[in-house]
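J.: I'd like to ask some things about the structure below.
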Amino acid sequence: GTVTGLIGPNGSGKSTLFRLISGEIPADSGEIHLRGTAITQKSASVINRLGLSRTFQLSRLYPQMTATENLVAVTRAPEGEAFARARDSLDFVGLSPVADEFAANLSYGQQKLLEFARVLVNDPDVILLDEPFAGVNPVMEERLCTHIHALREHGKTFLITDHEIKLIMALCSRLIVLDHGELLADGEPAVIRADPRVIDAYFGT
């Protein structure tokens, strides 16, 4: 039920951390736990089934599938239930009007929402969002923030990395700052914003 932001300069290790948590690459050391269970050496598919899902910075939609088909393709439910889940997810993010439109024909903002809906279709407990606001107009930004807040109210946990610092500051109750692969700071946004180490490494002012 929390929204945590992960920030840091380019090359600080944000994407690598996402890949480690989601099981895309193995950890050299240390442990990763999901609800008290070690998932360090588990595969990405197993981790996904355990309730952790993520979006990607670059779109991984199927362009020649409809919005509905993009969701059905990743569900683990029987066919009838899969379509029901897809409809519910599309309705939640406001994409029902384009349910039968090819993903390639959607606007960039709609594609971002569709990726978000595709993460939700299997009802994960923990959601990692990789630059969800990159290139998105203010209207879509507001819609995404509204959806994130609504899901948080229902107990979903978010880890978000993005370069839209004002949005991250407003959206998250906690910020983790990385620099050169190491933890630089961890705390409330107001505290992080005033941290001299963070200012020097990231904000540059």
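The values are calculated or read from the model by the stated rules, or taken from the named source; none is laboratory data. It should be emphasised that the depicted structure is a prediction, and the values quoted were computed from it without experimental measurement. Please note: Cβ atoms are built from the backbone with ideal geometry, for glycine as well, and neighbour counts cover all protein chains shown. Note: areas computed on protein heavy atoms with side chains; ligands, DNA, RNA excluded. Shrake-Rupley method; radii C 1.70, N 1.55, O 1.52, S 1.80 Å.
J.: Taking a 1.4 Å probe, which of 33, 147 shows the most accessible area, and what order do the others take after it?
T.: 33, 147
J.: In terms of solvent-accessible area of protein heavy atoms at a 1.4 angstrom probe, what is the ranking of 174, 197, highest value first?
T.: 197, 174
J.: What is the Cα centroid distance between the range 1-15 and the range 86-120, reported in whole angstrom?
T.: 25
J.: Per residue of the range 4-15, in order, report the coupling 6.51 cos²θ - 1.76 cosθ + 1.60 (Karplus, θ = phi - 60°) as ³J(HN,Hα) in whole Hz, putting x for Gly and Pro.
T.: The phi angles translate into 10, x, 10, 10, x, x, 4, x, 7, x, 4, 5 Hz.
J.: Now for a separate question. Keeping all protein chains in place, calculate the accessible area per residue for the chain (probe 1.4 angstrom), answer in Å².
T.: Per residue, the chain has an accessible area of 51 Å².
J.: Run the reach check for residue 166 against lysines, Cα to Cα strictly under 25 Å, same-chain hits fewer than 8 apart removed. What comes back?
T.: 14, 112, 156
J.: Once the whole set of protein chains is in place, how much accessible area is left on residue 191, using a 1.4 Å probe, in Å² to the nearest 10?
T.: 90
J.: Based on the mean of other beta carbon atoms within 10 Å per residue, what is the order of 119-125, 66-72, 100-106, most packed first?
T.: Highest-to-lowest ranking by the protection proxy: 66-72, 119-125, 100-106.
J.: Follow-up question, since we're still on this one. Ignoring everything but the protein chains, give the 1.4 Å probe accessible area of residue 163 in square angstrom, nearest 10.
T.: Using a 1.4 Å probe on the heavy atoms, I get roughly 80 Å².
J.: With only alpha-carbon atoms counted, please give the Rg and Dmax of the chain, in Å.
T.: Cα radius of gyration and Dmax of the chain are 17.2, 55 Å respectively.
J.: Hey, can you grab everything whose amide H is under 5 Å from the amide H of residue 158? Only 5+ residues off in sequence or another chain; H modelled, so Pro and N-termini drop out.
T.: Answer set, sorted by chain and number: 2, 3, 4, 127.
J.: Calculate, in nm to one decimal, what residue 24 and residue 166 gain on full extension: separation in residues at 0.36 nm each, minus their alpha carbon distance.
T.: Contour length minus Cα-Cα distance gives 48.2 nm.
J.: Full-extension gain between residue 83 and residue 149, please, as 0.36 nm times their residue separation minus the C-alpha to C-alpha distance.
T.: Contour length minus the Cα-Cα distance gives 21.2 nm.
J.: Mind checking the log10 I(q)/I(0) for the range 98-205 at q = 0.12, 0.17, 0.19 Å⁻¹? Debye, one equal scatterer per Cα, no solvent, two decimals.
T.: These q points yield log10 I(q)/I(0) values of -0.49, -0.89, -1.04.
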